[in-house]
Amino acid sequence: MKKTIIIFFTFIAFLYNAQIRKSNLLIMIDEKPCLIVNNLQLESQTMKSINANYVVGTIDISENDYTRLLTDQSMSFNLNFESILANHSLSSKYEVTIPKIYLNQKYIIINIFNMNIKNYRKKYSELIKNNKEYYVVIETPNSMKFD
């Protein structure tokens, strides 16, 4: 009886993991890996938001949502999330636009530079669009995107 129960739960766990799509995504904030991400959502102009889980280095999306994201007509999608930064007690909200073709890459690294840090303000202040409080650089093995 115990073997049957163990096999049953193993099978359920296998089915659950088979329906999750893992992608290599690393979020770096102020040159440090982002450890705590809350309310991670993917959305585009033509698609309602998709919830995802982020564990340092990977993002987990259900297989159905991943297929919806790939078949969406938009050329890019927004990654929205909140993060608690080291040495801060409040969370910061971020929105990053990622070209959909980056989903085919082996990995995506999102570098976020906050403008409240003097070095980044000097370096990136003239490049910021829409008066954002941060500057974003997205890296993949084959390309980079500056926002």
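Using every Cα-Cα pair within the chain, state what percent have a distance larger than 26 Å.
It works out to 32 percent of all Cα pairs.
Where does the longest stretch of the chain lie that holds no GluC sites (Glu not before Pro) found in a DSSP loop with 14 or fewer other Cβ atoms within 10 Å?
Between the exposed loop sites, the longest stretch runs 32-132.
What longest region of the chain stays clear of trypsin sites (Lys or Arg not before Pro) that DSSP places outside H, G, I, E and B and that have at most 10 other Cβ atoms within 10 Å?
Longest run free of exposed loop sites: 1-105.
Cα gyration tensor of the range 81-137, axes a ≥ b ≥ c as square roots of the eigenvalues: rounded (a/c below 1.5), prolate (a/b > b/c) or oblate?
Oblate, because a/c is 1.5 or more while a/b does not exceed b/c.
Ordered by residue, what ³J(HN,Hα) values in Hz, to whole numbers, does the range 42-51 give under the Karplus form 6.51 cos²θ - 1.76 cosθ + 1.60, where θ = phi - 60° and Gly and Pro are x?
So the Karplus estimates, Gly and Pro as x, are 10, 7, 9, 5, 10, 9, 6, 5, 10, 7 Hz.
Calculate how steeply helix 2-18 sits against the longest principal axis of the alpha-carbon atoms of the chain, using the helix alpha-carbon long axis, and give the answer as 0 to 90 degrees to the nearest 10.
Helix 2-18 and the main axis of the chain meet at about 40 degrees.
R0 = 35 Å: FRET efficiency of Ser49 with Ser125, Cβ-based, nearest 0.05?
With R0 = 35 Å, the Cβ-Cβ based efficiency is 0.70.
Roughly how many nanometres apart are two label points built 7 Å out from the Cα toward the Cβ at Ser74 and Ile7?
Going from the Ser74 label point to the Ile7 one covers 4.6 nm.
Tell me, what HN-Hα J-couplings in whole Hz come from the Karplus equation 6.51 cos²θ - 1.76 cosθ + 1.60 at θ = phi - 60° for each residue of the range 131-143, using x for Gly and Pro?
6, 5, 8, 8, 10, 10, 10, 10, 10, 9, x, 10, 7
Show me, for the range 54-68, the HN-Hα J-couplings you get by feeding each phi into the Karplus relation (A = 6.51, B = -1.76, C = 1.60, θ = phi - 60°), rounded to Hz, glycine and proline as x.
For the range 54-68, the Karplus-derived couplings read 10, 10, 2, x, 9, 10, 10, 10, 5, 4, 5, 5, 5, 5, 4 Hz, x marking Gly and Pro.
Which value in nm describes the separation of the simple spin-label points at Ser91 and Lys132, placed 7 Å from the Cα toward the beta carbon?
It is 1.9 nm.
Using the basic label-point model (7 angstrom from Cα toward the beta carbon), what is the Ile117 to Thr67 distance in nanometres?
That separation, rounded to one decimal, is 4.1 nm.
No lab work stands behind these numbers, since they all come straight from the coordinates. Computed from a predicted model, the values in this text were never measured in an experiment. Don't worry about glycine lacking a Cβ; one is built from the backbone with ideal geometry, like all the others, and counts go over all protein chains shown.
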